1. Taking the condition of being in contact with an Asp or Glu (Cβ under 9 Å, 6 or more places away or on another chain), within 21 Å of His56 (Cα to Cα) and modelled with pLDDT of 95 or more, how many residues in region 95-118 meet it?
2. Need the failing condition index for Val176 against (1) assigned to a helix (DSSP H, G or I); (2) in contact with a Phe, Trp or Tyr (Cβ under 6 Å, 6 or more places away or on another chain); (3) crowded, with 19+ Cβ neighbours inside 10 Å, just the number.
3. Looking at region 78-122, which of the residues that are more than 24 Å from Pro53 (Cα to Cα) and hydroxyl-bearing (Ser, Thr, Tyr) is surrounded by the most Cβ atoms within 10 Å (Cβ to Cβ)?
4. Under 7 Å by Cβ, and 6 or more places apart or on different chains, what pairs join a residue from region 218-231 that is farther than 15 Å from Gly93 by Cα with one that is buried (at least 16 other Cβ atoms within 10 Å of the Cβ) and among the aliphatic types (A, V, I, L, M)?
5. Looking only at region 112-141, which residues are more than 22 Å from Arg86 (Cβ to Cβ) and not in a strand (DSSP E or B)?
6. Can you tell me which residue within region 142-155, out of those that are touching a residue at least 40 places away in the same chain (Cβ under 8 Å) and part of a helix (DSSP H, G or I), is most open to solvent (accessible area, probe 1.4 Å)?
7. Go through region 259-288 and count every residue that is open to solvent by less than 20 Å² (accessible area, probe 1.4 Å), over 11 Å from Thr246 (Cα atoms) and either of a type outside the set (A, V, I, L, M) or free of Cβ contacts under 8 Å to residues at least 12 places away in the same chain (or both).
8. When both residues are 6+ apart or on different chains and their Cβ atoms are under 8 Å apart, which pairs have a first residue that lies in region 65-79 and is on the phi > 0 side of the Ramachandran plot, and a second that is in a helix (DSSP H, G or I)?
Amino acid sequence: MTGSIPAAAVSHHDFPRSVASVTLMSRFACDHGLALEQALDGSGLTAAHLADPHAHVSAAQELAVATNLATALTEENHPGLDLGRRYRTTTFGIFGFACLASPTLGEALSFFLRYFDLTFAFCVPRVELSETEVIVRLDDSALATPARQFLFDRDAAAILTVSEDLFPGQFSPARVEIRRPRPASTTAYEEVFHQLPIFDQPENIVAFDPHLLTQPLPRADPRTLAQCEEQCRQLVTARRHRHGITAQVRDLLTHVDLNAAGPDEVARALHISTRTMRRRLGEAGTSYQVLRDEVREALAEQMLRTGALSVHDVAIRLGYAESASFIHAFKRWKGVTPRHFQVTFPTASATTPRS
């Protein structure tokens, strides 16, 4: 049967990340004889970014660094596995401390999936629970070579390393299946997974005994967990609203003709399908219509404050067929009519779309 473990909060890897992972990858590169500039090539990142603990990077920037490492380092030595073992629970900041404070491994896994976009993963997990197994499928199909194998190795090794942090000496997979062909040497894989994986499989799978889900974690602390989860909730809400697909759609709507551009045109400009755009906006907690209204509200304020346009002109420029619809929407946004706003706030500075 399918269990109560939730799906991952997002079904893709395109979310902003803390700079901590790229910093760790850059140190790893330097340890293997690569210059920092070589590791960061093409990412748009510098040493100054890595020195800022509050900095964020895009998935594309981290992917560029991973591609540099995958290209420069010898694949036979399986550098992705070596890198993944350097990711400890504390690497993930407040998210990692929340996992440590969870009461059981099952609760920690659920937390990981609910706040998946606070991780650094590129392989998207799908978890299935039956009476005999917990099956974790790690989907790397959206990744291109040479980064695909490198990042699967990194993500899988990091998951196993963190699991052992949470559950010292007691976590071991029941079976491991990997899409890649069997390498000449499997020693590194056996050390990470505590067994010989089955290679040349259709999917990447890590399966383990479901009884492990109910085992108490040694550092469980309800109060710490509640505090950490509240911080994670605030962080992920801000990230989902201000970055990624939400920011891209909002930016496009700010610069297109709202009379002519609809969701199909915006999705086409983002090189994705309308269905994919709507799904990803839903995952980010918003929708195309909500963002369109936000942009309309901000642009309405800007145009009304200038005093150069009539209410009718503003309505037409914002894509409304008639002034009455615009007036109704504006009253819903601001609590006053556009004319009252224009008279009351003629010299106030213009606002921008909410981030």
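1. The total comes to 2.
2. (1)
3. Ser102
4. Final answer for the pair search is Arg219/Leu100; Arg219/Ala101; Ala220/Ala101; Asp221/Ala101.
5. Across region 112-141, the qualifying residues are Leu113, Arg114, Ser130, Glu131, Thr132, Glu133, Ser141.
6. Among residues in region 142-155 that are touching a residue at least 40 places away in the same chain (Cβ under 8 Å) and part of a helix (DSSP H, G or I), the one most open to solvent (accessible area, probe 1.4 Å) is Gln149.
7. Residues in region 259-288 being open to solvent by less than 20 Å² (accessible area, probe 1.4 Å), over 11 Å from Thr246 (Cα atoms) and either of a type outside the set (A, V, I, L, M) or free of Cβ contacts under 8 Å to residues at least 12 places away in the same chain (or both): 3 in total.
8. Partner pairs satisfying both residue conditions: His78/Asp153; His78/Ala188; His78/Tyr189.
The values are calculated or read from the model by the stated rules, or taken from the named source; none is laboratory data. Remember, it's a predicted structure, so these values are computed and weren't measured experimentally. Cβ: placed from backbone, ideal geometry, glycine included. Neighbour counts: every protein chain shown. Side chains included, ligands, DNA and RNA excluded: accessible areas come from the protein's heavy atoms. Shrake-Rupley method; radii C 1.70, N 1.55, O 1.52, S 1.80 Å.
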